[in-house]
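Structure first, then comments.
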Amino acid sequence: MTDLKKIPQNVTDARKVNETQLRKVYDPAQFHFETTDDIEALSNGIVGQNRAVRAMEFGLQVEQSGYNLFVIGPSGSGKTHYTRSKVEETASRGETPDDWCYVYHFKQPDQPLALSFPAGGGQAFKQEMEELVSDVEHKVQTVFSGDEFEQRRRELIEEYDERIEALWKQVENSAREQNLAIERGPQGIVTIPLMFGRPIPPEEFKQLPEVTRDEITKKRKKVETEVYETALRVDMIRNQMEKEIHRLRKEMTETAIKPLFDPLYEKYKDSSKVYDYLNMVEEDMAENYHLFQETGRDNENVLAPFFMGEQDTYKRYRVNLLVDHSKTEGAPVVFESNPSYYNLFGKEEYRGSFGTVSTDFTMIKPGALHLANGGYLILQANELLTSPMSWHGLKRCLRTKTLRIENMMEERGLVASAGLKPEEIPLNVKVVLIGNPFIYQLLAQWDEDFHKLFKVKVDFDTEMDGNSEHIQEFVSYMKNLIDRNKLKPFHREAVAEVIAYSSRLVSDQKKMSTRFGQIADLLIESHFWAGQDASDIVQRRHVQRAIEEKAYRSNRIEEKIRERIADGTIMVDTEGAVVGQINGLSVLNMGDYMFGQPNRITARTYVGRKGIINIERETSLSGHFHDKGLLILSGYLASQFARNRPLPLSASITFEQSYSMVDGDSASSTELYALLSSLSRVPIRQGIAVTGSVNQRGEIQPIGGVNEKIEGFYYVCKARGLTGEQGVIIPHQNVRNLMLKEEVVEAVKQGQFHIWAVKTIKEGIEILTGVEAGEEDEHGRYPEGTINHRIEQRLDEMYESIRKLEKGDS
């Protein structure tokens, strides 16, 4: 066998990542302060979100319909806090909208009227109506107890009594002509026969001749008929008298209360709706004057309160102040944390008593849209979409620009109730939804009304450029968080460490995280450890302690896996060299904590035509992206070694001791290295782990979680013992993503651990084997002693074997 062509040490050393590139170090000297007590807090309350800020300002200033806002961004980016503060700032410069009241509709009692008043006017109108009712009550009682009313009432009664008496006199005279007398008593009216002007006793009447009795009886029937007709006429006259008395009462009530209404007519003459309502109130009070009489109230059903609850005689004249802006400055801002249907659109409350329920216009309650009308309504999109009917109701209100209170059960067609139908209220509100990108994309794709109603997308980024301007703004925002949470001042070295942590969160040396929720957590926890250290100032060591403690609280699974690797339960080699075996790197996400884990990947190659067999796929443990990565391997091998003949190859690849789903293509280059090692029969150094995806041209592509992967393998090597030969190969594009822990950086400085950055498969295989990969000459052949030459030789052997087998079969 041809001797292997070793790669020069200086070539592989040139691919090592310089120690200065392993971690971005922020110099505390760039800060012109000693502690955060010496700086001012950020004024606008947001950092590194220029796109979101511009979109927010645009959306809040456009007044046309449909320009509602949808704020998207990851949790902890400060989008909710900034949205509320920016909306409140904009609203403070806006006009205060009208108050809204519901009042009784005298012509259609089941359809309460909606009245609007300038801000504060609703409360004033409610007070005016209460005072009006009180004044009317006093005025009516005064009028009806006065001499004038009594005199006119007495005159009316006397006039009609005289007419009644005249009728009775006429009947009585007619009866006397028939020798009969009429006697009116409590039991009714009776006729009594007379003889010589005196009543005939019953005994004497019986002794009269039969002819005389019959004649008297006929006369009595005739007179009784006249009496009956007269009684009917008397009832008619009495009814007429009652109507005249009612007319008198109404007339005197109208005259008495008119001066009470005149100031209100004058005040609300420019509001036709309020003016008409006052006119209806005046007419109803005059018509129902008995409500204001003490005797009228005394005669009410004493059992009514037991069946209908507490009674309010004057309820029909009350004002239900639905929305009161008397204390609102600028436009209203409402943040509804529970946007259920009734919380958004209002409701009619019901009063239950003895198995029945009732409602009226005074029991209409406002929703968040009523309170935000003329201003801004902020909602959490997830809460809104999970509340039945809320999203559809909100869209309808925004489309029609009206707000109507309805029963949700009736809205869904489940119950048809005979409740109230309050008048619609015009709606002018700017709605701001706060959610995540997934919800936004879901609505944008499946709801045809979404883009018509929410035309402004406010997109919060997860990261920002780490330039000097943003660094200074970041520090000022830290001051905001420190003041808001009442924390100890941070030393500038601690500030530099927090900024480094921010870059670590986004795994980018040129970026900083905008997930200020996580930054706030770090500040609070650093403050705690400073307190435990009895320090009045948070130092760099306290920030580092907070980061370490946070990791320790969540890394139990990581430590268990390291223990299993250390004791050999999970088989991972960190020394020696093995053919077709390599250490891949994966990231495990526990929700609140991510860590890297090495995995042994093995490849076996043999003669055949099945191609590359993915054992994970065959056992349904491989995801789509992992399958794609392996198909790319086939493409690479075919393009390199099957230009003139088919690949006579069968191969199997697997993640050893893997019992869960494998997905992603970040191990595709690792699997390819194992295949190349198996085909060339050149062993791979087990002290080196690899991460990176590959394309069909053999170019290495970047991956995620590079810091966690490197640190995961480093700690495994540390537990086994660092030899100075161990390290990790990463894609060259991921160098800018390195924000490694100081311990790992120090190990690299000491030469105990190494990190290589490669651009191609050829560069990687040379580091792993120490053998040159080999470049094609003009005849398409590879130099002897190189990896590719050995692979080509092996494939030639396989091809000849297959040809012989096929020839023998034929």
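The values are calculated or read from the model by the stated rules, or taken from the named source; none is laboratory data. Fair warning: this is a prediction, and the values are worked out from it, not measured in the lab. Neighbour counts run over all protein chains shown; Cβ positions are idealised from the backbone, glycine included. Ligands, DNA and RNA are excluded from the accessible area calculation, which covers all protein heavy atoms including side chains. Shrake-Rupley method; radii C 1.70, N 1.55, O 1.52, S 1.80 Å.
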Odd one out for GLY780 among (1) open to solvent by less than 10 Å² (accessible area, probe 1.4 Å); (2) more than 22 Å from ASN583 (Cβ to Cβ): (1)
Give the residue, chosen from PRO109, PRO97, that is open to solvent by 10 Å² or more (accessible area, probe 1.4 Å) and either in a strand (DSSP E or B) or in contact with a Pro (Cβ under 9 Å, 6 or more places away or on another chain) (or both). PRO97
Looking only at segment 715-732, and only at residues there that are under 15 Å from GLU19 (Cα atoms) and crowded, with 22+ Cβ neighbours inside 10 Å, the one that is nearest to the chain's Cα centre (by Cα): ILE730
Applying the selection to segment 1-38, what residues are under 30 Å from GLU469 (Cβ atoms) and not in a loop (DSSP other than H, G, I, E, B)? GLU19, THR20, GLN21, PRO28, ALA29, GLN30, THR35, THR36, ASP37, ASP38
Residues satisfying the stated conditions in segment 234-252, i.e. under 17 Å from GLN151 (Cβ atoms) and within 60 Å of the chain's Cα centre (by Cα): ARG249, GLU251, MET252
Unique match (being surrounded by fewer than 17 Cβ atoms within 10 Å (Cβ to Cβ), among the β-branched types (Val, Ile, Thr) and under 25 Å from VAL431 (Cα atoms)) among VAL71, VAL87, VAL62: VAL62
Output the residues belonging to segment 276-296 that are hydroxyl-bearing (Ser, Thr, Tyr) and exposed (fewer than 15 other Cβ atoms within 10 Å of the Cβ). THR295
Of the criteria (1) more than 28 Å from ASN707 (Cβ to Cβ); (2) modelled with pLDDT under 90, which one VAL47 fails: (1)
Count, please, the residues in segment 68-89 that happen to be on the phi < 0 side of the Ramachandran plot and touching a Lys or Arg at 6+ places or on another chain (Cβ under 9 Å). 9
Pick out the one residue from THR402, THR462, THR386 that is on the phi < 0 side of the Ramachandran plot, free of Cβ contacts under 8 Å to residues at least 12 places away in the same chain and among the hydroxyl-bearing types (Ser, Thr, Tyr). THR386
Only one of these conditions is not met by GLN793: (1) without any contact (Cβ under 8 Å) to a residue 12 or more places away in the chain; (2) within 24 Å of SER666 (Cβ to Cβ). Which number is it? (2)
Give me the residue from segment 306-346 that is over 25 Å from GLU131 (Cα atoms) and at pLDDT below 80 and, out of that set, most open to solvent (accessible area, probe 1.4 Å). PHE306
Take segment 427-441 and flag every residue that is among the aliphatic types (A, V, I, L, M), open to solvent by 10 Å² or more (accessible area, probe 1.4 Å) and either touching a Phe, Trp or Tyr at 6+ places or on another chain (Cβ under 8 Å) or not in a loop (DSSP other than H, G, I, E, B) (or both). VAL429, ILE439
Result of the Cβ filter at 6 Å on segment 680-691, keeping first residues that are under 14 Å from GLU711 (Cα atoms) and partners that are small (Gly, Ala, Ser) and crowded, with 24+ Cβ neighbours inside 10 Å, at least 6 apart or interchain, is ILE688/GLY727; THR691/SER666
Does THR12 meet the test of being open to solvent by less than 30 Å² (accessible area, probe 1.4 Å) and either without any contact (Cβ under 8 Å) to a residue 60 or more places away in the chain or within 30 Å of GLU743 (Cα to Cα) (or both)? yes
Scanning segment 347-361 for residues that are modelled with pLDDT of 80 or more and aromatic (Phe, Trp, Tyr) gives TYR350, PHE361
Please work out which one of (1) surrounded by fewer than 17 Cβ atoms within 10 Å (Cβ to Cβ); (2) in contact with a Gly (Cβ under 9 Å, 6 or more places away or on another chain) is the condition GLU711 fails and give its number. (1)
State all residues of segment 677-695 that are within 13 Å of THR605 (Cβ to Cβ), surrounded by 21 or more Cβ atoms within 10 Å (Cβ to Cβ) and not aliphatic (A, V, I, L, M); if no residue qualifies, say none. SER677, SER678, SER680
Take ALA747 and tell me if it is farther than 24 Å from LEU630 by Cα, part of a helix (DSSP H, G or I), at pLDDT below 95 and small (Gly, Ala, Ser). no
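Could you count how many residues in segment 133-178 are outside any helix (DSSP H, G or I) and loosely packed, with under 14 Cβ neighbours inside 10 Å?
Residues meeting the conditions: 2.
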Counting only residues that are assigned to a helix (DSSP H, G or I) and either open to solvent by 10 Å² or more (accessible area, probe 1.4 Å) or out of contact with any Leu (no Cβ under 9 Å at 6 or more places or on another chain) (or both), segment 733-744 contains a total of 7
Here are some conditions: (1) within 19 Å of GLN380 (Cβ to Cβ); (2) of a type in the set (Lys, Arg); (3) in a helix (DSSP H, G or I). LYS452 meets all but one. Which one does it not meet? (1)
Name the one entry in GLU40, GLU63 that is more than 30 Å from ARG540 (Cα to Cα) and modelled with pLDDT under 95. GLU63
Does ARG564 satisfy the condition of being at pLDDT below 95, of a type outside the set (Ser, Thr, Tyr) and in contact with a Gly (Cβ under 7 Å, 6 or more places away or on another chain)? no
Quickly run through segment 478-519 and pick out the residues that are among the hydrophobic types (A, V, I, L, M, F, W, C) and touching a residue at least 60 places away in the same chain (Cβ under 8 Å). MET478, ILE482, PHE490, VAL495, ALA496, ILE499, ALA500, MET512, PHE516
Taking the conditions exactly as written (more than 21 Å from ILE730 (Cβ to Cβ) and either touching a Leu at 6+ places or on another chain (Cβ under 7 Å) or modelled with pLDDT of 80 or more (or both)), does GLU618 satisfy them or not? no
